[in-house]
Amino acid sequence: MRYLYTRYVAENLPFVPADELDRRYTGGRVLGRYAPNIRALGLAGGRMVGVPYSLSNIVTYYNADLFRQAGLDPDRPPATWEGWRRAAQQIKARTGKYGLYLILLDDNWALEALVRSNGGTLLRCEGGFYRTGVDGKEAVEALATWAGLVQEGLALGVPLQQGEQAFLAGEAAAFMTTIARRAGLQAQTQGRFELRGTRFPSFGAKRPALPAGGNVLAVFARDPKRQEAAWRFIQFLTSSEGFTLWTKGTGYVPLLPGLTQDPRYLKAFVEQNPIQKIAIEQLPFTVPWTSFPGKNGLAANQALFRAVQKALTGQATPEAALKEAAQEINRLIGGERCSG
């Protein structure tokens, strides 16, 4: 089950809390292995919906050959959004290519990475009720950064399939997307250009905050024997051996500390795959992927995506688009209670 839907499950489906299963069968040892920010990915509404398992974060893949053609040093990729703006200007001027493509999907994953990394939020609690923060100053600035690059012709503002194809064809110098695409991109770019990777850009010196992509393992069985069997399977999947197999096979990030330094598990693999190491180094910046509450939560998510589309295509300014979206989202989730 995707992290994005943990709130929906907590509110609508008869799951068995993972911390209850952990206490019953393993004395709290399974969840106790996780860092607090990783454990929080399985929480929704104060309840432990499931065990965090597959985890991806957004990284920046780039075409080292195109960097060289533009007179840029591929050993020193930009680290900030301002740095990428300058690099994109140089790439455009010298090669005619786009500087970058940021993944665009209706799940708002990339938008949240931008907003949270700039200090903003998609959802907050005010007076005991949920309200959105997408019309806040930091959120507007974040979307304006993205839309500005697109409007200036420095970045592509198209759906994922078109953007990925442009990167593979050498028409865009960078592709900001999930680490889970690492193996596929390496295979597809082999013989075309040198593929490298770096961290997701920051806003100056601000600490990044990257929503976790991936899935949580939840148990829905009502029979105690089936619950125990499911928990045993979860123990295997989240063991050192299980995470090693999963990371090698998929590119998702291992959630147990120390596996990448242990020669029995992922040490050699990470040394041979430096792009994978980037996502692992970004684990401390992991935050839960926001889902809007209540029966209208999915509709609220779509309202935000429409605002992004309007801003990227120039149909509305980022401020106007997000203000309109905030009004609609607050109407959709306005009756949902919260604490804190």
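Between the amide H of T80 and those of S202, distances stay under 5 Å, these residues lying 5 or more places away or on another chain, with hydrogens modeled in the peptide plane. Extension gain, E324-R24: 0.36 nm per intervening residue step, less the Cα-Cα distance, totals 103.2 nm. Simple point charges give the picture: +1 on the Cβ of Lys and Arg, -1 on the Cβ of Asp and Glu, and for the chain a dipole about the Cα centre of about 500 debye.
What shape does region 220-273 take by its C-alpha gyration tensor, where a ≥ b ≥ c are the square roots of the eigenvalues and a/c under 1.5 counts as rounded, a/b above b/c as prolate, and the rest as oblate? Please report the intermediate quantities before stating the final value.
Details: a/c = 4.01, a/b = 2.87, b/c = 1.40.
Prolate.
Based on the Kirkwood radius over alpha-carbon pairs, what is the Stokes-Einstein translational diffusion coefficient of region 104-224 at 10 °C with 1.306 mPa s viscosity, in µm²/s? Kindly include the intermediate steps, with their values, before the conclusion.
Working: Rh = 16.9 Å.
My calculation gives 94 µm²/s for D.
Quick one, what does Rg over Rh come out to for region 252-304 if you take C-alpha atoms and the Kirkwood Rh?
Details: Rg = 17.0 Å, Rh = 13.6 Å.
In region 252-304, Rg relative to Rh is 1.25.
Placing a label point 7 Å from the Cα of E194 along the Cα-to-Cβ line, the residues of region 76-92 whose backbone N sits under 11 Å from it are 76. Residues whose amide H lies under 5 Å from that of T177, counting only those 5 or more places away or on a different chain, are V59, Y61; hydrogens are built 1.01 Å from N in the peptide plane.
With +1 on the Cβ of every Lys and Arg and -1 on the Cβ of every Asp and Glu, and nothing else charged, how large is the dipole of region 1-122 about its Cα centre, in debye rounded to the nearest 20? Mind showing how you got there, number by number?
Numbers: 16 positive and 11 negative charges, 45 e Å.
The dipole of region 1-122 has a size of about 220 debye.
Computed from the Cα positions only, the extents of region 1-84 along the three principal axes stand at 60, 28, 19 Å, in decreasing order. Mind counting lysine pairs for me in region 212-340? Cα separation below 20 Å, and the two need to be 8 or more apart along the chain or on different chains. Within region 212-340, the lysine pair count is 4.
Near the amide H of A44, within less than 5 Å, lie the amide hydrogens of V49, all on another chain or at least 5 residues away, with H placed in the peptide plane.
Which FRET efficiency value, to the nearest 0.05, is calculated for R86 and L13 with the Förster distance at 51 angstrom and r the Cβ-Cβ distance?
Calculated value: 0.60.
Averaging 1/r across all pairs of distinct Cα atoms in region 71-172 and inverting the result yields a Kirkwood radius of 14.9 Å. Average 1/r across all pairs of distinct alpha carbons in region 1-140, invert it, and you get the Kirkwood radius: 18.6 Å. Couplings 3J(HN,Hα) of region 103-108, computed from phi: 3, 10, 9, 7, 8, 6 Hz, in residue order, whole Hz [Karplus 6.51 cos²θ - 1.76 cosθ + 1.60, θ = phi - 60°; x for Gly and Pro]. For region 189-340, a simple Cβ point-charge model (Lys and Arg +1, Asp and Glu -1, everything else neutral) yields a dipole of about 100 debye relative to the Cα centre.
Between N37 and R331, the modelled labels are 3.7 nm apart [label points 7 Å from Cα along Cα→Cβ].
Here r is the Cβ-Cβ distance between Q186 and D262 and R0 is 30 Å; the resulting FRET efficiency, rounded to 0.05, is 0.80.
Output needed for region 164-260: three equivalent-ellipsoid semi-axes, defined as square roots of 5 times the C-alpha gyration tensor eigenvalues, in descending order, whole Å. Provide the component values of the computation, followed by the final result.
Numbers: eigenvalues 239, 61, 35 Å².
For region 164-260, the ellipsoid semi-axes come out as 35, 17, 13 Å.
Sum -39500 (n - 2.57) across every DSSP H segment of at least 4 residues in the chain, then divide by the residue count to get the 222 nm mean residue ellipticity, nearest 500. Mind showing how you got there, number by number?
On the way: 15 runs with 154 residues, N = 340.
Using -39500 (n - 2.57) per qualifying helix, the result is -13500 deg cm²/dmol.
Accessible area of R24 (1.4 Å probe, protein heavy atoms only, ligands and nucleic acids ignored): about 110 Å². Rolling a 1.4 Å probe over the protein heavy atoms gives the chain an accessible area of 44 Å² per residue.
In a fully extended conformation the segment linking T313 and R207 would gain 35.3 nm over its present Cα-Cα distance, using 0.36 nm per residue. When the convex hull of its Cα atoms is viewed from all sides, region 122-190 shows a mean projected area of 6.5 nm². In whole angstrom, how far apart do the alpha carbon centroids of region 310-340 and region 52-67 sit? Cα centres, region 310-340 to region 52-67: 29 Å.
Among the protein heavy atoms of the chain, carbon and sulfur supply 50% of the accessible surface, probe 1.4 Å, non-protein parts ignored.
In whole percents, the pair-distance distribution calculated for the chain from its alpha-carbon pairs, binned every 10 Å from zero, is 6, 24, 31, 25, 12, 2, 0.
Please give the Cα centre distance for region 256-297 versus region 168-242, rounded to the nearest Å. Going from one Cα centre to the other spans 7 Å. Counting only the Cα atoms, region 181-340 fills a convex hull of 208 Å³ per residue. When only Cα pairs below 8 angstrom with a gap of at least 6 residues are kept, the chain shows a relative contact order of 29 percent.
The values are calculated or read from the model by the stated rules, or taken from the named source; none is laboratory data. Please read these numbers as outputs of a predicted model, since none were measured by experiment. Positions of Cβ are generated from backbone atoms using ideal geometry, with glycine treated the same way; all protein chains shown enter the neighbour counts. For accessibility, only protein heavy atoms count, side chains too; no ligands or nucleic acids. Shrake-Rupley method; radii C 1.70, N 1.55, O 1.52, S 1.80 Å.
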